[in-house]
Amino acid sequence: MAERFEFTEEERRKTGRLYVTLKRLIGSSLHPEDEKKMRDHMTKSMDSNQTHRDVFGLNPILFGLQTAKIVVEEIGLKRDAVLAILLHPSIADGFTTVDDVRRDFGESVARILSGLLRIAELYSKNPVVESENFRNLLLSFAEDMRVILIMIADRVNLMRQIRDNDNLDAKKKVSEEAAYLYAPLAHKLGLYKLKSELEDLSLKYLEHDAYYLIREKLNATKKSRDAYIERFIGPISEKLTAAGLRFHMKGRTKSIHSIWQKMKKQKCGVEGIYDLFAIRIIIDSPFEQEKMQCWQAYSIVTDMYQPNPKRLRDWLSVPKSNGYESLHITVLGPEHKWVEVQIRTERMDEVAERGVAAHWRYKGVKGETGLDEWLANIRNILENSDDLQVMDQFRMDLYEDEVFVFTPKGDLFKFPKGATVLDFAYHIHSKVGNGCTGARINNKVVTFREQLHSGDQVEIMTSSTQKPKREWLNIVKTSRGKAKIRQALKETQVKEGLFAKEMLERKFKNRKIEMEEPVMAKLVKKLGFKEGSDFYRQIVDGSLDVNTVIDTYLEIQARESGQMPEGPVRSAGEFSFQVENDMTVRQSDDVLVIDRNLKGVDYQLARCCQPIYGDDVFGFVTVSGGIKIHRCDCPNAAELRKRFGYRIVKARWSGKGTSKYSITLRVIGNDDIGIVNNLTSIISKDEKLTLRSISIDSNDGLFRGNLVVMLDDTSKLETLIRKLRTVKGVKQVERI
């Protein structure tokens with residue numbers, strides 16, 4: 001049987017002193033039976049051999065009392081936090097349950113212990129400690145803010161106790177966590193003294209030589225530094241007093257950790273850090289005279305000492321976004337030493353020192369939306385409230401818009417609330433997302449539609465036969481996921497299109513038919529496809545018969561060659577053909593002027609681009625000798641000019657008649673109630689416009705529609721487009 005846990009004589013004396021101190025500090029907040037119940041818990045725990053020392057050989061009961069003293073004296077917590085700290089070892093070792101604690105000490109203590117246990121479980125997943133996400137996750141896991149405060153106090157106590165410990169590996173690990181995790185947490189909560197202590201102690205254990213070098217340099221120069229500060233501020237104090245200002249001044253030396261960071265950044269020794277200390281001038285000024293008196297003090301200081309203009313920081317005229325206001329200048333003092341001087345009022349100093357958000361941002365630690373005000377409220381409660389039971393009302397709901405999840409290896413990722421397994425898969429890699437079939441969340445198999453929750457451990461399952469689908473865009477919540485799905489769909493369409501195109505070319509070749517791109521473009525449109533990719537996809541999946549495609553192609557080609565009439569053919573008598581600079585105008589109808597003096601030639605308006613009066617146009621001589629009129633920006637124009645440049649003739653409109661033309665407009669906008677009625681009413685109100693057809697397709701809150709309208713010319717078209725764009729919710733109107 002294992003030996004019973006024993007105290008050393010020194011530990012016994014320390015425990016007794018701490019117990020008396022804590023009882024004096026929180027005695028008024030204890031319940032009548034608290035002391036007896038606590039002693040019973042500890043005694044039973046030791047008698048059952050459940051109590052044991054940690055990896056550093058520290059006594060858990062003594063350690064708990066030391067931590068409790070820190071949270072009481074340096075943070076301001078009382079009864080519930082102290083009891084939770086002292087009971088935590090028994091809970092963690094399984095001797096006592098949270099339900100037992102709830103029964104004996106109340107809900108508040110039990111909730112703190114639950115939070116401490118949950119944080120311990122989070123640690124077991126071994127995430128990257130220095131990650132900013134991990135710090136945020138700790139905060140989101142702490143339903144009661146006292147959990148985080150206790151964790152900080154616990155780490156400060158541990159760093160104090162392991163100074164002479166020989167377990168170097170464990171010492172290094174806790175020191176790194178102190179620097180990367182606990183110091184920033186302390187900073188966010190305004191616990192600046194504890195934050196500096198954590199940073200200095202972590203430097204002491206991780207960079208032993210650097211720490212003692214800086215400390216010895218500071219100790220060696222302390223007397224001379226203090227004397228120099230007195231010589232520096234003496235004349236300034238006299239001038240400020242003579243100017244009638246009410247103020248007080250103080251000097252502060254930078255922390256060892258801060259000096260070390262500057263040494264590394266500037267790549268120099270301690271002697272190269274010219275702002276080892278700063279002077280702060282704090283003016284007692286009425287609010288309406290604050291800026292004036294600060295600039296007055298600035299003028300006095302810079303009249304006496306030469307300022308460095310590159311080091312001026314004016315947060316008085318334009319305060320920082322967090323409200324921080326101050327003037328920072330660096331001047332050349334006696335003995336040619338640079339000194340930083342900060343000038344501010346009592347009110348500004350209060351914001352800088354006690355405004356949590358202002359101070360942590362001033363030091364360069366970024367905060368999140370909503371966190372600033374909440375933490376400031378906690379700070380006020382800690383400083384101003386005698387009855388800290390109000391802390392029980394706090395819940396960590398700040399991260400309701402974010403979730404934090406782990407990979408099986410312990411890597412941590414942040415997603416917006418509502419993100420799914422599919423978002424997680426695409427965050428890892430495009431191939432993982434494209435092949436995702438589901439996941440194991442906390443060892444439970446779920447579909448890829450499953451939403452993620454903070455603390456989930458997610459393992460993605462994939463299949464080589466899985467392919468991304470368009471409906472996946474409605475499942476993912478992140479823009480990154482949507483972009484990768486669109487890219488995958490596009491790549492799939494390209495592959496399918498190339499395969500279908502090759503197959504069509506083989507079929508055409510077998511039947512000895514030459515494939516022409518302009519005819520193919522008309523074919524796609526005639527078969528009712530808006531996009532060529534949809535046309536080729538249906539060929540691949542077999543829903544569109546290749547023989548039907550070829551037959552339709554031959555029919556269109558026959559019309560193109562003049563073997564079959566394509567709609568009503570207008571006589572050449574309606575045109576005035578002439579050589580350049582010879583133009584005939586007719587007023588009864590629209591006139592199209594074609595050069596080269598071609599006589600007796602029929603012309604047709606090309607259906608691929610539907611030219612209307614006023615468009616820039618050109619003529620294309622068909623195989624049959626007729627002329628097709630195309631818009632200069634026709635989608636087929638480039639190909640026609642490239643392959644059949646010798647068959648292109650000039651053409652232009654002249655005169656104005658009574659003809660009407662059919663044009664198609666594509667409209668895209670928000671799928672709002674009544675938007676279609678608003679569009680059609682604009683057309684119906686104009687007597688010179690006729691709406692022939694309208695088709696609407698709605699998806700993901702957007703609608704896409706094609707309007708076919710009969711109108712006179714391009715001026716009417718431009719007016720109509722402008723009017724349609726003014727309709728609320730319309731995002732895009734374009735002619736196709």
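Details
- Evaluated over region 679-736, the Cα radius of gyration and Dmax, each in Å: 11.6, 36
- Enclosed volume per residue, in Å³, of the convex hull spanned by Cα atoms of region 429-474: 82 Å³
- At most 10 other Cβ within 10 Å, DSSP loop - GluC sites (Glu not before Pro), region 658-736: 687
- Reduced Cα scattering model of region 391-528, Debye log10 I(q)/I(0), q = 0.11, 0.13, 0.15, 0.17 Å⁻¹: -0.56, -0.67, -0.78, -0.89
- Note on residue 558 and residue 694: the extension gain reaches 46.0 nm, defined as 0.36 nm multiplied by sequence separation minus the Cα-Cα distance.
- Percent of Cα pairs exceeding the 18 Å cut-off, where the set is region 190-334: 65 percent
- Backbone amide hydrogens, once placed in the peptide plane, bring residue 96 within less than 5 Å of 91, excluding anything fewer than 5 places away on its chain.
- Vicinal HN-Hα couplings computed from phi for region 640-645 (Karplus, 6.51 cos²θ - 1.76 cosθ + 1.60; Hz; Gly/Pro x): 5, 5, 5, 8, 10, x
- In this calculation the C-beta distance from residue 176 to residue 480 is compared with R0 = 41 Å, giving a FRET efficiency of 0.85.
- Distance histogram for region 606-710 (every C-alpha pair counted, 10 angstrom bins, percent rounded to whole numbers): 12, 34, 27, 20, 7, 0
- The tail of the calculated P(r) for region 211-274 beyond 12 Å holds 74 percent of all Cα-Cα pairs.
- Normalised alpha carbon radius of gyration of region 249-306 [divisor 2.2 N^0.38 Å]: 1.52
- Linear extension gain, residue 728 paired with residue 23, 0.36 nm per residue minus alpha-carbon span: 246.9 nm
- Stretch gain in nm, segment residue 37-residue 507, where the contour uses 0.36 nm per residue and the Cα spacing is subtracted: 160.1 nm
- Set of region 671-710 residues, backbone N closer than 17 Å to the point 7 Å along the Cα-Cβ line of residue 660: 680-694, 707-710
- Considering only region 262-350, percent of DSSP beta bridges that pair antiparallel, nearest 5: 60 percent
- Normalised size of region 163-247, defined as Cα radius of gyration per 2.2 N^0.38 Å with N residues, equals 1.62.
- Descending semi-axes in Å of region 32-95, equivalent ellipsoid built from Cα gyration tensor: 20, 16, 8
- Cα-only Debye scattering, region 3-125: base-10 log of I(q)/I(0) at q = 0.15, 0.20 Å⁻¹: -0.69, -1.28
- Checking the Cα-Cα distances for 217/262; 495/522; 173/195; 490/526; 530/650; 44/193 against a 26 Å cut-off, the pairs over it are 530/650; 44/193.
Read-outs throughout are calculated quantities, based only on the coordinates presented, and are distinct from any laboratory measurement. Note that the coordinates shown come from a computational prediction; the quantities given were computed from them, not determined experimentally. Counting neighbours? That spans all protein chains shown, and the Cβs are built from the backbone with ideal geometry, glycine included.
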